[in-house]
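Below: the structure, in structure tokens.
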Amino acid sequence: MRLPTQSGTMEDYVMSGRALVPRRPDIAFTRTAFAAAHVVSDPMLERDPWLGRPAVDWENTMRFRHTLWDQGLGLAEAMDTAQRGMGVDWLTAKELIERTMTEAKAHALKPRVACGAGTDQYELADLKSEDALVNAYSEQMEAIEAAGGQCIIMASRAMTATGQGPDFYARVYGRLIEQAQDPVILHWLGDMFDPQLSGYWGSDDLDAATNSVLSILNDHAHRIDGIKVSLLEQSREERFRARLPQGVRLYTGDDFNYAALIEGDGTGFSHALLGIFAAIAPAASQALEALAKGDYQTYHDLLGPTVPLSREIFKAPTQFYKAGIAFLAWLNDAQNHFIMPAGFQSSRDITHFAEVFRLADQAALLTAPDIAKHRMSLLLGLHGLN
């Protein structure tokens, strides 16, 4: 087939003929692995997609989650991959969490599900005090706990909007951590994912921010499962990981360097809470299975080719990565469309989608090749390119 390039030309592309078969792992993983999943809208019911609440396509949205669970992966629900604050509001997220937890409890593998708690049910202007922020977070945490999910205390734009320093973060997070029913996961999302989170933990200096969050982790280690770090800096994550208190996991959110970070460096390793794992689920699952068996060659053979794909999906502007994940779900027939809340599928161009197609094929991740080729051709035709 002929595919467009970034240089504005069309080039012939011959598919590899290789495709992984999604399957259940035959051994327990030695790394905890959460895939952060996206949401799609119902094309028949969505009205004014840039305004108001989305009309979620619940059948396709839940269907995709089952494909992850069937391959032994856990789920990070209602996170930034699900367009929190970028088309998905709290009431929609709350329903998503409740529906997901109902289906997870009925799934044969009893998958682990952690859910994002934030402050997005309120306007930033209403969240200037410590009490207001704690109360906002608490409302969402209580809803997650009532549904049976584990809480991820998400980075909130309201925290950075206060302009407060490390002591303020320590007080807010301390109260939230100690009141949670079960150990929580903290969440450090770099400003490449959301520019409004610049200066999180009370400082624009990443070394100072690291010291601030480590102070919180040390003070409440007995109530913390781990922390997700999405800064896209491998060496910084490794240094941070080495300083964590005993028993607190590092969940990598580094969609560029995950293979090396999950494998580890001899002194420690990262677990996974990754948006890219939703896009590369067969490779991720089978690589983690190989790692659990001590088969490092297969681990690298499976994950290595996914890294160029991930770097394309998560390229700047990074916050638009969700479109690539939804696109791959459609190509692989895990969903029958990729219409997204707020029309987010239009956030990437046709040359990007063509490159995602090429790189997914080269990583053996077009698991239904004939369907993928047909759907890529449909998208090219929509753009007047075939």
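Gyration tensor over the Cα atoms of the range 252-340: the corresponding equivalent ellipsoid has semi-axes (square roots of 5 times the eigenvalues, largest first) of 25, 15, 10 Å.
Amide H contacts of Val40: Asp57, Thr61, each under 5 Å away and 5 or more positions distant or on a separate chain (H built 1.01 Å from N in the peptide plane; Pro and chain starts excluded). Counting trypsin sites (Lys or Arg not before Pro) as exposed when in a DSSP loop with at most 16 other beta carbons within 10 Å, what is the longest stretch of the chain free of them? Value returned for the longest uninterrupted segment is 129-242. Report note on the peptides 211-219, 359-367, 35-43, 73-81: ranked by the mean count of other C-beta atoms within 10 Å, highest first, their order is 73-81, 35-43, 359-367, 211-219. The average projected area of the range 1-48, computed from the convex hull of its Cα atoms over all directions, is 8.3 nm².
Principal axis analysis of the Cα atoms in the range 99-150 yields extents of 44, 15, 13 Å, listed in decreasing size.
When only Cα pairs below 8 angstrom with a gap of at least 6 residues are kept, the range 1-74 shows a relative contact order of 29 percent.
Largest accessible area first, the listed residues Asp182, Asp12 line up as Asp12, Asp182 when surface is computed with a 1.4 Å probe on the assembled protein chains.
Modelled label positions at Ala292 and Met10, each set 7 Å beyond Cα in the direction of Cβ, lie 4.6 nm from each other.
With a 1.4 Å probe rolled over the protein heavy atoms of all chains, the accessible area of His107, His222 falls in the order His222, His107, largest first. In this view, the solvent-accessible surface of Met101, computed with a 1.4 Å probe and all protein chains in place, comes to about 10 Å².
Under 16 Å from the Cα of Lys128, which aspartates and glutamates turn up, not counting those fewer than eight places away in the same chain? Filter leaves Asp120, Asp167.
Hey, what did the chain get for relative contact order, percent, Cα under 8 Å, at least 6 apart? Over the chain, the number comes to 21 percent.
Using only helices, what value at 222 nm comes out for the chain when you add -39,500 (n - 2.57) per DSSP H run of length 4 or more and divide by the total residues, to the nearest 500 deg cm²/dmol? Only helices count here, giving -13000 deg cm²/dmol. Between the helical axis of 130-147 and the longest alpha-carbon principal axis of the chain there is an angle of about 50 degrees. For the residues Leu250, Leu206, Leu273, a GNM of the chain with alpha-carbon springs under 10 Å puts the largest fluctuation on Leu206. The aspartates and glutamates within cross-link reach of Lys105, meaning a Cα-to-Cα straight distance under 16 Å and a gap of 8 or more places when in the same chain, are Asp70, Glu77, Glu95, Glu145. Distance distribution P(r), the range 140-217, all Cα-Cα pairs, bin width 10 angstrom from 0: 18, 50, 27, 4 percent.
A Gaussian network model of the chain, with springs between Cα atoms under 10 Å, assigns the largest mean-square fluctuation among Glu142, Glu123, Glu103 to Glu123. Shown in residue order for the range 109-120 are the 3J(HN,Hα) couplings computed by the Karplus curve 6.51 cos²θ - 1.76 cosθ + 1.60 at θ = phi - 60°: 8, 6, x, 7, 10, 10, 10, x, 10, x, 10, 7 Hz (x for Gly and Pro).
For a straight C-alpha distance cut-off of 23 angstrom, the lysines reachable from Lys315 (same-chain residues fewer than eight places away being disregarded) are Lys228. Using the 1.4 Å probe convention, the accessible area of the range 80-194 works out to 38 Å² per residue with neighbouring protein chains retained. Per the Kirkwood formula applied to alpha carbons, the chain shows a radius of gyration over Rh ratio, Rg over Rh, of 0.95. The C-alpha atoms of the chain define a longest principal axis, and helix 58-69 lies at about 80 degrees to it. Kindly identify the range 326-373 as rounded, prolate or oblate by the Cα gyration tensor criterion: order the square roots of the eigenvalues as a ≥ b ≥ c, call it rounded if a/c is under 1.5, otherwise compare a/b with b/c, prolate if a/b is larger, else oblate. Since a/c reaches 1.5 but b/c is at least a/b, the shape of the range 326-373 is classed as oblate. Computed from the Cβ-Cβ distance with R0 of 25 Å, the FRET efficiency linking Glu142 to Leu109 stands at 0.40. Mean sequence separation of contacting Cα pairs (under 8 Å, at least six apart), scaled by the length of the range 243-315, corresponds to a relative contact order of 30 percent.
Our note on the geometry: Cα centres of the range 219-256 and the range 143-185, 16 Å apart.
The values are calculated or read from the model by the stated rules, or taken from the named source; none is laboratory data. Everything quoted here is computed from the prediction, not taken from an experiment. In this analysis, Cβ positions are derived from the backbone assuming ideal geometry, glycine residues included, and neighbour counts consider all displayed protein chains. Heads up: the accessible areas ignore ligands, DNA and RNA and are worked out on the full protein's heavy atoms, side chains in. Shrake-Rupley method; radii C 1.70, N 1.55, O 1.52, S 1.80 Å.
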